[in-house]
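A.B. asks: Below are the structure tokens for one structure; questions will follow.
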Amino acid sequence: MHVFEDFNSTREYSVKARNSGRWVGLVPTMGFLHDGHKSLIQKARQETDPLVVSIFVNPAQFGKGEDYHVYPRDIERDIRVLKDLAVDVLFLPTVLAMYPDEYSTFVEVERLSDVLCGAFRPGHFRGVATVVLKLFNVVLPHKAYFGLKDVQQLVVVRKMVNDLNLPVEIVGVPTVRAFDGLALSSRNAYLTPDERKDAARIYQALSKAKALIEAGERDASDIKEMIQEYIAQAPGFSVEYVSICSFQNLQELSSITGEVVIAVAARLGKARLIDNIIVG
Ligand code: PAF
């Protein structure tokens, strides 16, 4: 596996591959890889060759007082994981290379960035869209892979690709869950053993909501109330939002029709957990 820190080597590698008719894949990550990342990489491995994985903890998507400095990192272990998964290139840029002094250009995906998590993390999706576009411009992928756990991120990136006519196909990959349904996330590392047990309530609440919809319930506010109450039964949980919105444009729905996302964000101890289920 090649490990490139600089942009030129990465781009040259990709240009060569493209010129010889190969199909370049990219899995952008912030490292501390878990089985959720592995499933993205495995999907990308099946569909693309060569496969580039980037690891970059992107300061632009963390707000003031958020966990940028303590975000879990373990690059030695990540490299072993990537080698085992037969990844061709690890792109590992430095913060200074990505954001040199006086860096001043950002991508703003309006409306979609201000709802759900964006309402609680102002500037987060501006940081995500900016870094993803920069990664696309260096790696030049034909296809890029994003987890459905971060469904708003997927919708924002798709919109950016569409609006800016970027020649990249965005692939959404299903959420990978632990034995009790908790969505895998690097931030689960912040949970204490007791919090870890309670954390499964989010997926349990989402599954109950899905069952209600499948049984014919159409009133979004009743379902949201049920989710909120079910999660809040565990002391220590503080629910940030429960949303039932359109998968296409994240618009909040009062009555459930079509393909909808039921999404939750909640704080538990030091962790901010997000999860969702897509129904219909
Ligand atoms: O989902 C993530 O890990 C990050 O938001 C991403 C897409 C790598 C951008 O920094």
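The numbers here are math on the coordinates, done by the rules we state, and not lab data. These numbers were taken from a predicted model, which means no experiment stands behind them. No Cβ is skipped: glycine too gets one built from the backbone with ideal geometry, and neighbour counts run over all protein chains shown.
A.B. asks: Would you mind putting 28-39, 154-165 in packing order, based on average other-beta-carbon counts within 10 Å, highest first?
C.D. replies: Working: 28-39: 20.0, 154-165: 18.1.
Put in order of decreasing packing, that is 28-39, 154-165.
A.B. asks: Have a look at Thr130, Ala200, His34 and report the one farthest towards the positive end of the charge dipole of the chain, computed about the Cα centre with Cβ charges (Lys/Arg +1, Asp/Glu -1).
C.D. replies: Highest projection toward the positive end goes to His34.
A.B. asks: Thinking of the chain as a set of Cα atoms, what percent of all their pairs are more than 23 Å apart? Don't skip to the end; give the middle numbers.
C.D. replies: On the way: 21519 of 39060 pairs.
Result for the distance tail: 55 percent.
A.B. asks: Relative contact order for the range 1-102 using alpha-carbon pairs under 8 Å, separation at least 6, rounded to a whole percent?
C.D. replies: On the way: 135 pairs, mean separation 40.9, N = 102.
Result for the range 1-102 is 40 percent.
A.B. asks: In the chain, what % of DSSP beta bridges are antiparallel (nearest 5)? Please report the intermediate quantities before stating the final value.
C.D. replies: Numbers: 22 of 40 bridges.
Antiparallel bridges: around 55 percent, rounded to the nearest 5.
A.B. asks: Now, a different point. Restricting to Cα pairs below 8 Å that are 6+ residues apart, what does the relative contact order work out to for the range 167-280? Please round to a whole percent. Provide the component values of the computation, followed by the final result.
C.D. replies: Details: 166 pairs, mean separation 28.4, N = 114.
That works out to 25 percent.
A.B. asks: Determine the relative contact order of the chain: mean sequence separation of Cα pairs under 8 Å and six or more apart, normalised by residue count, in whole percent. Show your work: numbers first, answer last.
C.D. replies: On the way: 481 pairs, mean separation 48.8, N = 280.
About 17 percent, as a whole number.
A.B. asks: Rank these for me by crowding, Phe7, Phe136, Phe120, Phe179, going from fewest to most other beta carbons within 10 Å. Kindly include the intermediate steps, with their values, before the conclusion.
C.D. replies: On the way: Phe7 16, Phe136 20, Phe120 13, Phe179 6.
The order, fewest Cβ neighbours first, is Phe179, Phe120, Phe7, Phe136.
A.B. asks: Which distance in Å, rounded to a whole number, links the C-alpha centroids of the range 102-124 and the range 212-280?
C.D. replies: Measuring centre to centre over Cα atoms gives 22 Å.
A.B. asks: Now a separate question. List the residues, sorted by chain then number, that are 5 or more residues from Glu66 or on another chain and whose placed amide H is less than 5 Å from its amide H.
C.D. replies: none
A.B. asks: Let me ask something else about it. Are there GluC sites (Glu not before Pro) in the range 92-194 that DSSP puts in a loop and that have at most 15 other Cβ atoms within 10 Å, and which ones?
C.D. replies: Numbers: sites: Glu102, Glu108, Glu110, Glu169; in loops: Glu102, Glu108, Glu110.
Listed in order of number, the matching sites are Glu102, Glu108, Glu110.
A.B. asks: Can I ask one more? Quick check: Cα centre of the range 22-100 to Cα centre of the range 138-170, how many Å?
C.D. replies: Computed from Cα coordinates, the inter-centre distance equals 15 Å.
A.B. asks: DSSP beta bridges in the range 10-135, what fraction antiparallel, as a percent rounded to 5?
C.D. replies: Numbers: 1 of 9 bridges.
In the range 10-135, DSSP labels about 10 percent of beta bridges as antiparallel.
A.B. asks: Which trypsin sites (Lys or Arg not before Pro) in the range 102-156 sit in a loop by DSSP (not H, G, I, E or B) and have at most 15 other Cβ atoms within 10 Å of their own Cβ? All intermediate terms of the calculation are to be shown ahead of the outcome.
C.D. replies: Working: sites: Arg111, Arg126, Lys134, Lys143, Lys149; in loops: Arg111.
When the trypsin sites (Lys or Arg not before Pro) of the range 102-156 are filtered for loop state and at most 15 Cβ neighbours within 10 Å, Arg111 remain.
A.B. asks: With +1 assigned to the C-beta of every Lys and Arg and -1 to the C-beta of every Asp and Glu, and no other charges, what is the dipole magnitude of the chain about the Cα centre in debye, to the nearest 20?
C.D. replies: Numbers: 32 positive and 35 negative charges, 98 e Å.
Using Cβ point charges on Lys, Arg, Asp and Glu, the chain gives about 480 debye.
A.B. asks: In what sequence do Tyr99, Tyr68 fall when counting other Cβ within 10 Å, fewest first?
C.D. replies: Working: Tyr99 17, Tyr68 14.
Ranked by crowding around the Cβ, least crowded first: Tyr68, Tyr99.
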